[in-house]
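The values are calculated or read from the model by the stated rules, or taken from the named source; none is laboratory data. Worth saying up front: this structure is predicted, and the values here are computed from it rather than measured. Cβ placement follows ideal geometry from the backbone for every residue including glycine, while neighbour counts extend to all protein chains displayed. Please note that ligands, DNA and RNA were not included when accessible areas were found on the heavy atoms of the full protein model with its side chains. Shrake-Rupley method; radii C 1.70, N 1.55, O 1.52, S 1.80 Å.
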Amino acid sequence: MTSKILRVLLVFLLIFAIVGCTSDKQGPQETYKNIDDTVTHGQNYDGSFSREGIQEVTFENGVFYQIFVYNFRDSTGDGVGDLGGIIESLDYIESLGVNGIWLTPITHGASYHKYDVVDYYAVDPEFGTMEDFETLISEAHKRGIKVIIDLVINHTSDRHPWFKAAASDPNSKFRDYYIWAAHDEPRPGSGWRHLSGTTWFYLAHFWERMPDLNFDNPAVREEVKRIAKFWLDKGVDGFRLDAAKHLYSDPAKNHQFWNEFYQYLRTLKEDVYLVGEIWDSPEVIAPYFANGLNANFNFQIGGRVASSINSGVDNLGKELDRIYKLYREHNPDFIDAPFLSNHDTRRIMSEFDYDFEKMKMAANVLLSLPGDPYIFAGEEIGMISNDNHMDIREPFKWYKDTGPGQTTWRPNAFNSTEKWSPSVEEQDKDPNSLLNHFRKMVNLRNSHYPLRYGNDFQLVENNNLTVLSFIREYQGERVLVVHNFYSQPQTITVTVEGTFTNFKGTKSGANFTQRGNEITITIPPLSSMFIY
Ligand SMILES: [Ca+2]
Ligand SMILES: [Ca+2]
């Protein structure tokens with residue numbers, strides 16, 4: 001399998017070598033080809049990445065790839081994704097140029113998604129063994145790819161031994177691990193479930209099969225720290241924190257806990273990386289940046305990118321400016337984690353009426369933003385879905401039809417139809433595919449420090465409703481980013497400090513001229529420019 005992927009990559013590199021030669025004749029300002037020149041398929045990203053000139057950063061920013069383990073790649077032939085499958089896929093993952101992977105829960109869980117944990121210290125038997133996990137960590141690290149795993153501590157499965165003991169015996173020492181109300185006691189808020197055969201109710205915010213843990217109990221807080229230490233000792237680089245705002249109903253207590261948790265983890269691993277799922281407005285998210293969570297997902301961006309692309313009007317720039325300023329007030333080192341879609345949201349390609357050009361534009365925007373952008377596996381080939389969780393999580397499409405490693409845990413009702421059947425197999429061979437566009441854009445980001453590092457974002461006024469322009473700056477180096485959301489070419493004039501001499505554009509026909517502090521930019525329809 002590995003040698004086959006390498007062969008494909010070799011062919012692919014040859015194609016680019018040819019395109020690269022052609023572009024020289026057309027001059028350095030030819031556009032798409034400038035980007036092709038930077039494509040090295042992760043080769044500048046194997047751990048030997050140059051850190052020359054880079055001062056201390058709290059966490060090395062990079063692009064993350066989210067893998068929903070059950071649907072990704074099967075190494076055992078049972079049709080279910082597993083750790084061996086991810087190990088087999090590392091060549092592919094590396095070819096995307098990403099800096100890290102986020103694995104949805106790999107601990108033993110009761111259902112396919114594994115967000116209902118029954119054993120925090122074991123790899124789920126469907127996914128493999130602890131040895132497999134250790135191999136995955138070391139193989140990923142060899143390639144300079146960080147690994148973070150979902151840490152699900154707001155709740156357990158109702159089949160977790162703690163809950164079984166707590167439910168069957170009110171005098172159990174585990175009773176107070178959960179949150180109880182007698183039938184005649186108040187049950188504030190929502191999520192209370194009746195424990196059948198008793199007069200008791202327990203809190204289970206998301207689902208009756210996932211009872212909430214009681215974080216007022218110091219023993220629970222100690223258990224959770226022990227679990228995190230166990231996985232850090234296994235070599236994970238950090239955690240994606242599921243339901244991070246739900247531990248307590250009081251935000252102040254959540255902030256206090258995450259601070260305590262982070263300070264503890266830092267004693268074990270100084271650069272531990274935590275990314276919080278605070279599924280809420282920027283106002284609610286912001287204080288978490290000052291309270292233990294160095295990164296948090298941005299739930300505003302996917303929808304605003306889609307609406308900008310579909311309406312042709314920039315609906316993003318002012319909101320980003322507002323959000324980043326807010327976050328900066330709470331923590332100047334905030335790491336925003338933008339994403340277009342994830343395993344809980346309708347796949348972003350579904351917003352674009354099968355139009356790959358629009359999806360490429362969404363990738364351009366995502367990969368130009370500060371922080372750690374997350375790509376949800378399948379997004380890079382344009383998989384679609386509806387809003388249903390299981391449909392969002394359809395088997396990842398390696399092949400046009402089928403082949404080794406393909407998961408089959410449910411049919412591809414959305415992504416193996418006559419109308420829509422994207423696959424890695426086909427897109428890998430096509431230099432103009434969405435997949436290869438993602439690779440180019442990740443590499444472009446990685447090769448320009450102002451795009452990759454820091455969280456600087458300076459909105460640049462341009463008097464054109466359809467064009468978003470901003471500067472990203474890092475240690476004195478600057479990139480002027482320009483996105484045209486409209487289906488027609490646009491010309492804008494902006495006023496900036498300093499001299500810009502070169503650019504990369506995602507479509508041919510782009511150009512710019514500078515006179516003093518004025519830059520006049522011509523940008524093709526639905527395309528992006530990076531001027532530096
Ligand atoms: Ca399997
Ligand atoms: Ca809770």
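Descriptive notes on the structure:
- Degrees between helix 317-330 axis and first principal axis of the chain (Cα, 0 to 90, nearest 10): 50 degrees
- Subtracting the Cα-Cα distance of Ser249 and Asp176 from their residue separation scaled by 0.36 nm leaves 24.6 nm.
- Neighbourhood net charge (11 Å Cβ-Cβ; Lys/Arg +1, Asp/Glu -1) for Asp391: +2
- Segment 458-531 - percent of accessible surface contributed by carbon and sulfur, probe 1.4 Å: 43 percent
- Extension gain for Tyr121 to Arg209 (0.36 nm times residue separation, less C-alpha to C-alpha distance): 29.7 nm.
- With all protein chains kept in place, the per residue accessible area of segment 161-203 amounts to 61 square angstrom at a probe of 1.4 angstrom.
- Under 13 Å, Cβ to Cβ, from Tyr327 - net charge with Lys/Arg +1 and Asp/Glu -1: -4
- Taking each residue as 0.36 nm, the span from Glu260 to Thr493 lengthens on full extension beyond its C-alpha to C-alpha distance by 79.0 nm.
- Residue-wise HN-Hα couplings along segment 380-394, as the Karplus relation 6.51 cos²θ - 1.76 cosθ + 1.60 with θ = phi - 60° gives them from phi, are 6, 10, x, 5, 10, 6, 9, 8, 6, 3, 5, 6, 4, 9, 3 Hz; Gly and Pro carry x.
- Cut-off under 5 Å, modelled amide H: who pairs with His155 long-range: Leu213
- Rounded to whole Hz, the Karplus (6.51, -1.76, 1.60) HN-Hα couplings of segment 259-273, x for glycine and proline: 4, 4, 4, 5, 4, 5, 4, 5, 6, 8, 8, 4, 9, 3, 10
- Computed from Cα positions, the angle between helix 301-311 and the longest principal axis of the chain comes to roughly 40 degrees.
- Helical contribution to [θ] at 222 nm, DSSP H n ≥ 4, -39,500 (n - 2.57), averaged over the chain, rounded to 500: -9500 deg cm²/dmol
- Charge context of Gln427, other residues only, Cβ under 15 angstrom, K/R +1, D/E -1: -2
- Think of each Lys and Arg Cβ as +1 and each Asp and Glu Cβ as -1; about the Cα centre, that makes the dipole of segment 161-203 roughly 160 debye.
- Helix axis angle, 218-233 relative to the chain longest principal axis, alpha carbon, degrees: 50 degrees
- Beta bridges per DSSP with both ends in the chain, % antiparallel, nearest 5: 60 percent
- Close amide H contacts of Gln66 (hydrogens built in the peptide plane, cut-off under 5 Å, sequence separation of 5 or more or a different chain): Trp102, Ile375, Phe376, Ala377.
- One Cα centroid belongs to segment 513-532, the other to segment 126-186; the line between them spans 51 Å.
- Sorted on the mean count of surrounding Cβ atoms within 10 Å across their residues, most packed first, peptides 346-352, 441-447 read 441-447, 346-352.
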